[in-house]
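Taking it in order: structure first as structure tokens, then the write-up.
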């Protein structure tokens, strides 16, 4: 009897993995422009209570070529609040024949090193078959138990570019009386909801989704593919209870995590008062204390259990002189409180090009903490992880997005500063001389403000000498040159400024043919953007940020040259922005003025041809040549 049962179990196990993974079963439409095809996938989220959930994930991916190898690797993290077990894996050849199974000893279990954290309880399990006969298929399955359902997984079946999906489903099971909230994007219809007895099941499914092809200025990847985000209402995590049915409720939970974590050592209190007592200007006090925090602390990430959301207390930071974004922001709030200035802790989704929170969907999709000092007219925002940032400047990392401000009465949706083209300036003045041999000597003075100065700020404070050389090579549009001198000067403020000075020589910059001298006046700001019109545009056009650039070039020539051919002046203004370039000869001086301004906005795909033509005009105009001839 036991042998019979064992045989049945073995048969059931074999049947479970007897999927037809022959590559011939993939429609040709999915193989086109794809490196991998997800054959099937099932996410199953089982919510058992506000404090417990189980996540089961099973998927199979066919790798069509070597560019898809990275998608064949299995990896998943776990920590004190999320276990990881029951990992299985299988490898199949092009015909669907099983070649290999994952053995427990083959799964690596390592500390998850994110290169930022001093301490973390995150660990990583990973595995790879390292198979190279294309095409092939890998299948993996795992299970996780969540101790607390504060953060739940989202579903994005098409995960990357050149990644097609044959079938994928996302299933959530919850108690019938539990209020699950969800937000879906690019999904036709609504979730299939089935209520049976004590359980309600929600299901989303897609089939035959073609690979996404990269397009210039396309929206963020999650915005052009199917996505479903889920979030709890009542939850419990790390011994704390909360309700994120509203942003105010989620803010109340975060406030409870931060409660009584603002006590400072007596010596720090004394230093604070010695620094600002007697200073009457409130903003000046804030800047002095922000500078004090920057000089006396440094950023180190620490992620342990609930510590992923709860900051270390202010005394810890004052003593150790380090902390992560949460700890440093909480510390700065505490420092200001000691000085009699009320400030607020803020959660935000940071990163260049990222979006802020959704006002209609309270959820903990944050990856960073900052803080601010509210003011009826002009709130002052502070980034506490940087030792060099200007007080009040958010830039491209945290600017222009909605965030969650935490106060005693809960959470409040706020907007960080928006930077316009008038704020993001690049003003360049080039004074140059060309000798009879065509050699160039130039002094380049450039004034950067706002987001436009971020790279130069990094060059000053973060770049190695090698990185600085690489930057200078990329910004100078000269075939050969020698950097004689480079200097930087920074002016801090809510809108920081950087002045860059370069002295450059370039042999044979101007091409001499007989009596003629050929010069490209635009030496340092040539657009490299050329947009293809070979394929029909699929996605909206999203321009990330606004800017204004003004380049003034004055080139002194040797006596005796007169213009033979001058480029046409160009002046264009359209929905995307504006561009103008003009050329003139004044005595022995060649002058060029280039002005470019772009708006941060989103446009329909139907505008793409106009945008491509706009950039093509700029590309050609930036390379305009002046032809001079020497008088007899």
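The values are calculated or read from the model by the stated rules, or taken from the named source; none is laboratory data. As the structure is a computational prediction, the values presented were derived from the model and not from experiment. Because the Cβ atoms are built from the backbone with ideal geometry, glycine has one as well, and the counts that use them run over all protein chains shown.
Can you work out which of the residues in segment 95-106 that are without any contact (Cβ under 8 Å) to a residue 24 or more places away in the chain and part of a loop (DSSP other than H, G, I, E, B) is surrounded by the fewest Cβ atoms within 10 Å (Cβ to Cβ)?
Per the criteria, the residue is 103.
Yes or no: residue 365 in contact (Cβ under 8 Å) with a residue 60 or more places away in the chain and in a loop (DSSP other than H, G, I, E, B)?
When the stated conditions are applied, residue 365 passes them.
If you go through segment 234-247 one residue at a time, do you hit one that is modelled with pLDDT of 95 or more, at positive phi and either assigned to a loop (DSSP other than H, G, I, E, B) or not assigned by TED's automatic domain parsing to the domain that holds residue 530 (or both)?
No; the residues of segment 234-247 include none that is modelled with pLDDT of 95 or more, at positive phi and either assigned to a loop (DSSP other than H, G, I, E, B) or not assigned by TED's automatic domain parsing to the domain that holds residue 530 (or both).
Looking at this structure, is residue 258 surrounded by 17 or more Cβ atoms within 10 Å (Cβ to Cβ), within 30 Å of residue 539 (Cα to Cα) and touching a residue at least 24 places away in the same chain (Cβ under 8 Å)?
Here the answer is no, as residue 258 does not meet what is asked.
When segment 70-95 is examined, which residues are found to be within 22 Å of residue 24 (Cα to Cα) and in contact with a strand residue (DSSP E or B) (Cβ under 6 Å, 6 or more places away or on another chain)?
Once the filter is applied, which keeps residues that are within 22 Å of residue 24 (Cα to Cα) and in contact with a strand residue (DSSP E or B) (Cβ under 6 Å, 6 or more places away or on another chain), segment 70-95 yields 71, 72, 89, 90, 91, 92, 93.
Restricting to segment 565-583, count the residues that are loosely packed, with under 13 Cβ neighbours inside 10 Å and over 20 Å from residue 424 (Cβ atoms).
Here the count works out to 3.
Here is a yes/no grid of residues against (1) closer than 30 Å to residue 323 by Cβ; (2) exposed (fewer than 13 other Cβ atoms within 10 Å of the Cβ):
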site	(1), (2)
59	no, no
65	no, yes
74	no, no
89	no, no
93	no, no
126	yes, no
130	no, yes
139	no, no
150	yes, no
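In segment 1-38, what residues are surrounded by 12 or more Cβ atoms within 10 Å (Cβ to Cβ) and either at pLDDT below 50 or part of a strand (DSSP E or B) (or both)?
Within segment 1-38, 17, 36, 37, 38 meet the criteria.
For residues in segment 327-337 being in contact (Cβ under 8 Å) with a residue 40 or more places away in the chain and within 15 Å of residue 260 (Cβ to Cβ), which is surrounded by the fewest Cβ atoms within 10 Å (Cβ to Cβ)?
337
Which one is surrounded by the fewest Cβ atoms within 10 Å (Cβ to Cβ), of the residues in segment 417-445 that are more than 30 Å from residue 396 (Cα to Cα) and touching a strand residue (DSSP E or B) at 6+ places or on another chain (Cβ under 6 Å)?
431
For the subset of segment 462-480 comprising residues that are in a loop (DSSP other than H, G, I, E, B) and out of contact with any helix residue (DSSP H, G or I) (no Cβ under 9 Å at 6 or more places or on another chain), which member is modelled with the highest pLDDT?
Ranking the qualifying residues of segment 462-480, first place goes to 462.
So that you can scan it fast, the table gives a plain yes or no per residue for (1) outside any helix (DSSP H, G or I); (2) touching a strand residue (DSSP E or B) at 6+ places or on another chain (Cβ under 6 Å); (3) over 27 Å from residue 356 (Cα atoms); (4) at pLDDT below 95:
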position	(1), (2), (3), (4)
167	yes, yes, yes, no
170	yes, yes, no, no
195	yes, no, yes, yes
200	yes, yes, yes, no
253	no, yes, no, no
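From 518, 524, grab the single residue that is under 22 Å from residue 481 (Cα atoms), in contact (Cβ under 8 Å) with a residue 60 or more places away in the chain and assigned to a strand (DSSP E or B).
None of the other options fit; the residue is 518.
Return a yes/no flag: does segment 205-223 have any residue that is assigned to a loop (DSSP other than H, G, I, E, B), surrounded by fewer than 19 Cβ atoms within 10 Å (Cβ to Cβ), without any contact (Cβ under 8 Å) to a residue 60 or more places away in the chain and out of contact with any helix residue (DSSP H, G or I) (no Cβ under 9 Å at 6 or more places or on another chain).
Within segment 205-223, one or more residues are assigned to a loop (DSSP other than H, G, I, E, B), surrounded by fewer than 19 Cβ atoms within 10 Å (Cβ to Cβ), without any contact (Cβ under 8 Å) to a residue 60 or more places away in the chain and out of contact with any helix residue (DSSP H, G or I) (no Cβ under 9 Å at 6 or more places or on another chain).
Could you look through segment 351-373, keep only residues that are modelled with pLDDT under 95 and over 20 Å from residue 249 (Cα atoms), and pick out the one that is surrounded by the fewest Cβ atoms within 10 Å (Cβ to Cβ)?
Going through the qualifying residues, I end up with 353.
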